1. I'm trying to understand the selection: among the residues of segment 187-205, which are in contact (Cβ under 8 Å) with a residue 40 or more places away in the chain, over 24 Å from the mean Cα position of the chain (by Cα) and open to solvent by 20 Å² or more (accessible area, probe 1.4 Å)?
2. Filter segment 56-99 down to the residues that are under 18 Å from residue 21 (Cα atoms), open to solvent by 30 Å² or more (accessible area, probe 1.4 Å) and assigned to a loop (DSSP other than H, G, I, E, B) and list them by number.
3. Would you pick out the residues in segment 109-133 that are at positive phi and open to solvent by 50 Å² or more (accessible area, probe 1.4 Å)?
4. Could you grab me the full set of residues in segment 219-232 that are in a strand (DSSP E or B) and either among the basic types (Lys, Arg) or under 12 Å from residue 244 (Cβ atoms) (or both)?
5. With the checklist (1) surrounded by fewer than 21 Cβ atoms within 10 Å (Cβ to Cβ); (2) among the basic types (Lys, Arg); (3) within 13 Å of residue 6 (Cβ to Cβ) in hand, flag the one item residue 148 doesn't pass.
6. Could you list, in sequence order, the residues of segment 208-218 that are free of Cβ contacts under 8 Å to residues at least 40 places away in the same chain and either in contact with a strand residue (DSSP E or B) (Cβ under 6 Å, 6 or more places away or on another chain) or outside any loop (DSSP other than H, G, I, E, B) (or both)?
7. Tell me which strands (runs of 3 or more DSSP E) are completely within segment 113-202 and hold 3 or more residues being modelled with pLDDT of 95 or more and of a type in the set (S, T, N, Q), or say none if there are none.
8. Going through segment 163-207 one residue at a time, which ones are out of contact with any strand residue (DSSP E or B) (no Cβ under 7 Å at 6 or more places or on another chain) and among the basic types (Lys, Arg)?
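The values are calculated or read from the model by the stated rules, or taken from the named source; none is laboratory data. Values in this document were obtained by computation on a predicted structure and should not be read as measured data. Note: ideal-geometry Cβ built from the backbone for every residue, glycine included; neighbour counts use all protein chains shown. Just so you know, the surface numbers come from the protein's heavy atoms only, side chains and all, with ligands and any DNA or RNA stripped out. Shrake-Rupley method; radii C 1.70, N 1.55, O 1.52, S 1.80 Å.
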Amino acid sequence: MSDLRGMFVDTSICTGCKACQVACKQWNEMAPGVPLPMEDEAAVREHRAFTGNSYDNTGHLSATNWRHVKFIEQIGPDPSSSDRSDPRWLMMSDSCKHCVQAGCLEVCPTGALYRTSFGSVDIHQDVCIGCRYCVGACPFGVIAFNQRTGRVNKCILCQDRLEIGMGTACAKACPTSSLTFGTVSDLQAMASDRVKALHARGQTDAYIYGWDLGNSGTITAGPNKGTAVKDVEVVGGLNVFYLLLDKPEVYGLPAHAALPQRNFVPSAGVALISAAVLGVTGLAAFRRNRIAENAAAEGGD
């Protein structure tokens, strides 16, 4: 469908400014949830609003943080050595991927999660019962339970803005165009051109995570230098997809994302076969015992 909307996240030009995080919280009027450094006004004023691991000030996505800027510091080819050459920062603005094969949709028992006309996954808050099946079904750990409301929350791709012809708040606020909103088909073409441009100037570690557009290359820096990489399509494709410069695991993304419920049929089959084998074994044992009892009774006579 040409009407599908999404975002292309180009991590090669992300500066970690967190403007997208702020825009997301402001537009969606998200109240503070669990205490986080970013939401502690005193900590912000005293310049200690950090996790302690990096300049990342939230740590992860949550029910009140639908967008999260990741900071990955790479120093030297071997982090365990004293070689501090060739340092670099990798940054990525993360959110819900609005998967083509969305595990959360498949397990929701009430229809609270639904596919919009733009291809994004939204949540009917008044229908959600807080069962949290979707939390476990998401291979990216995106959906979170809101302790205050008793329901789940995540990025909804600014559905209210899309309905009036606007783009997402985070992409609007991004000063470097690391986040680009548009039709998925246009974004795929843009992403492919961007990867080719980076490869042409020697940055061969660029590739696409979310769709297989036919690109491949080699990581040029960091502990994984020399490792081959190529475009990877996961869960049928991601409407919010990424240009990465290192292995997916470095960014906290699964290399081969899979839906947990896909294991249901194989597991159920194994369980049924096991039950059948146990049943046959039990019947055989019962028959042997009956034969032995009858033989003993006849011998006594």
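1. 203
2. Answer for segment 56-99, where residues must be under 18 Å from residue 21 (Cα atoms), open to solvent by 30 Å² or more (accessible area, probe 1.4 Å) and assigned to a loop (DSSP other than H, G, I, E, B): 59, 60, 66.
3. Scanning segment 109-133 gives a single hit, 132.
4. Hits for segment 219-232 are 229, 230, 232.
5. (3)
6. Matches in segment 208-218: 208, 211, 212, 215, 216, 217, 218.
7. Result: empty, no element qualifies.
8. 172, 196, 201
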